[in-house]
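See structure below.
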Amino acid sequence: MHTLLLSCLLLATPDVIPEGKSTIDLAFEKLTLRLYAYKPANFQNGPMLMVFHGILRNAEEYRDHAVEMGDRFGALIICPLFEEKIFPIPKYQFGGIVDDEGHAVPAKDRTAEYVNRIAKEIRRREGRADLPYALIGHSGGGQFLGRLAAFVQTDAQRIVVSNPSSYTLPTDKQPFPFGFGGLPAELANDDVYKAYLGQPVTLYVGSKDIVRDEYFDASKLAEVQGDTRFARAKYAYEFAKNVAQEKGWPFNWKLLIAEGIEHDHEKMFNSPDCAIALGWKPKEK
């Protein structure tokens, strides 16, 4: 009886995500996003983990390197691909918050808003409107999630910002994307800063991420935050914490250092510290 019921449910939802690796093309009004997915064999009412690639736009590789996390947490892995020709740096790493003239992009059209739209669609396909999920992005993907946290509200359990090259500091003394300076008033005010500092953010950084490689942002404004990605994570965390304390606002950020790991997303994902960063416990075998 149970098997028959399950078969009927699967037939009723032909777009349910299959076990193992798969590719999903989600059509929105203006574009189609490709998602690389992985559903572990032990996925039973588990959470979803959205994983965000870096500047190389290698979403399929990120999915493959997130398989171990999927198995460890019994989590559905979803890795969206943000192609460079559609989402250049201002629209991906910087979140697509303002247009080329510096005007605020309507909330529904911000790149970061696709996270909410993807979550809604995956929940529909899985038949679980309350499917819990977390976000993790490394390097350029960490930049994307950092700007998402600054301007977009989601119901993600945790937003893990891992080893980005720069952060958006809660101040108008630094120009966007390094701060909120120069942004329209509706994007840069105390209400926005308070919401940002209240987001469930984990700054997750490798202690050996100290090499200034070809993708490291060595611009003058980025250098204010530190001379390595490791130093910048600590600087951004302390800066944000001090603002929250001065204002008397809730501060929900965490700083987690993965000892001995360099700028390597696979090692960061596979580290036992990743469970702490996400606030999840490994699934019992």
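Bear in mind these aren't lab numbers, they're just calculated from the coordinates by the rules spelled out. Note that the coordinates shown come from a computational prediction; the quantities given were computed from them, not determined experimentally. Methodologically, a virtual Cβ is constructed for each residue, glycine included, from the backbone with ideal geometry; neighbour enumeration extends over all protein chains shown.
Somewhere in the stretch 47-63, is a residue assigned to a loop (DSSP other than H, G, I, E, B) and more than 13 Å from G140 (Cα to Cα)? Outline the logic, then answer.
First, the residues of the stretch 47-63 that are assigned to a loop (DSSP other than H, G, I, E, B): 47, 53-58.
Then drop every residue that is not more than 13 Å from G140 (Cα to Cα), which leaves 47.
Checked against the condition, which is being assigned to a loop (DSSP other than H, G, I, E, B) and more than 13 Å from G140 (Cα to Cα), the stretch 47-63 yields at least one hit.
Given the conditions (1) in contact with a helix residue (DSSP H, G or I) (Cβ under 8 Å, 6 or more places away or on another chain); (2) part of a helix (DSSP H, G or I); (3) surrounded by fewer than 23 Cβ atoms within 10 Å (Cβ to Cβ); (4) of a type outside the set (G, A, S), report the number of the one that R34 does not fulfil.
The single condition R34 does not satisfy is (2).
Tell me which residues, restricted to the stretch 251-285, are in a helix (DSSP H, G or I) and either in contact with a strand residue (DSSP E or B) (Cβ under 9 Å, 6 or more places away or on another chain) or closer than 20 Å to S165 by Cα (or both). Break it down stepwise before answering.
Step one: list which residues in the stretch 251-285 are in a helix (DSSP H, G or I), which gives 265-270, 273-278.
Within the stretch 251-285, H265, E266, K267, M268, F269, D273, C274, I276, A277, L278 meet the criteria.
Checking the structure you have, find out if any residue of the stretch 143-155 is surrounded by fewer than 24 Cβ atoms within 10 Å (Cβ to Cβ), within 25 Å of D264 (Cα to Cα) and touching a residue at least 40 places away in the same chain (Cβ under 8 Å).
no
Please list, ordered by first then second residue, the pairs with beta carbon atoms under 8 Å, 6 or more apart or interchain, first in the stretch 94-117 and of a type in the set (S, T, N, Q), second part of a helix (DSSP H, G or I).
Pairs that qualify, where the first residue is of a type in the set (S, T, N, Q) and the partner is part of a helix (DSSP H, G or I), are T111/F144.
Does A59 satisfy being among the hydrophobic types (A, V, I, L, M, F, W, C) and more than 23 Å from A277 (Cβ to Cβ)?
On the way: among the hydrophobic types (A, V, I, L, M, F, W, C): yes; more than 23 Å from A277 (Cβ to Cβ): no.
Against the criterion (among the hydrophobic types (A, V, I, L, M, F, W, C) and more than 23 Å from A277 (Cβ to Cβ)), A59 does not qualify.
Go through the stretch 84-130 residue by residue and tally those that are outside any helix (DSSP H, G or I), surrounded by fewer than 19 Cβ atoms within 10 Å (Cβ to Cβ) and small (G, A, S).
Qualifying residue count for the region: 4.
Return the residue satisfying two criteria in turn: it lies in the stretch 259-285 and is among the small types (G, A, S) and under 30 Å from V192 (Cα atoms), and of such residues it is surrounded by the most Cβ atoms within 10 Å (Cβ to Cβ).
Restricting attention to the stretch 259-285, the residues satisfying the condition of being among the small types (G, A, S) are 260, 271, 275, 277, 279.
Checking the rest, the ones that are also under 30 Å from V192 (Cα atoms) come to 275, 277, 279.
Numbers: A275: 14, A277: 23, G279: 13.
This residue is A277.
Name, by its number, the condition in (1) in contact (Cβ under 8 Å) with a residue 24 or more places away in the chain; (2) surrounded by fewer than 14 Cβ atoms within 10 Å (Cβ to Cβ) that does not hold for A27.
(1)
Scan the stretch 85-111 residue by residue and report those that are on the phi > 0 side of the Ramachandran plot and under 18 Å from the mean Cα position of the chain (by Cα). Talk me through it step by step, then tell me what you get.
To start, the set of residues in the stretch 85-111 that are on the phi > 0 side of the Ramachandran plot comprises 95-96, 102.
Scanning the stretch 85-111 gives G95, G96.
I'd like to verify a number: residues in the stretch 210-232 that are in contact (Cβ under 8 Å) with a residue 40 or more places away in the chain, within 19 Å of F176 (Cβ to Cβ) and out of contact with any helix residue (DSSP H, G or I) (no Cβ under 6 Å at 6 or more places or on another chain), how many?
Within the stretch 210-232, residues that are in contact (Cβ under 8 Å) with a residue 40 or more places away in the chain, within 19 Å of F176 (Cβ to Cβ) and out of contact with any helix residue (DSSP H, G or I) (no Cβ under 6 Å at 6 or more places or on another chain) number 5.
Could you run through the stretch 94-108 and say how many residues are of a type outside the set (V, I, T), touching a helix residue (DSSP H, G or I) at 6+ places or on another chain (Cβ under 8 Å) and under 18 Å from G181 (Cβ atoms)? Let's see the steps before the verdict.
Taking the stretch 94-108 and keeping what is of a type outside the set (V, I, T), we get 94-96, 99-104, 106-108.
Now narrow it down to the ones that are touching a helix residue (DSSP H, G or I) at 6+ places or on another chain (Cβ under 8 Å): 94-96, 104, 107.
Right, trim to under 18 Å from G181 (Cβ atoms) and you get 94-95, 104.
Of the residues in that region, 3 qualify.
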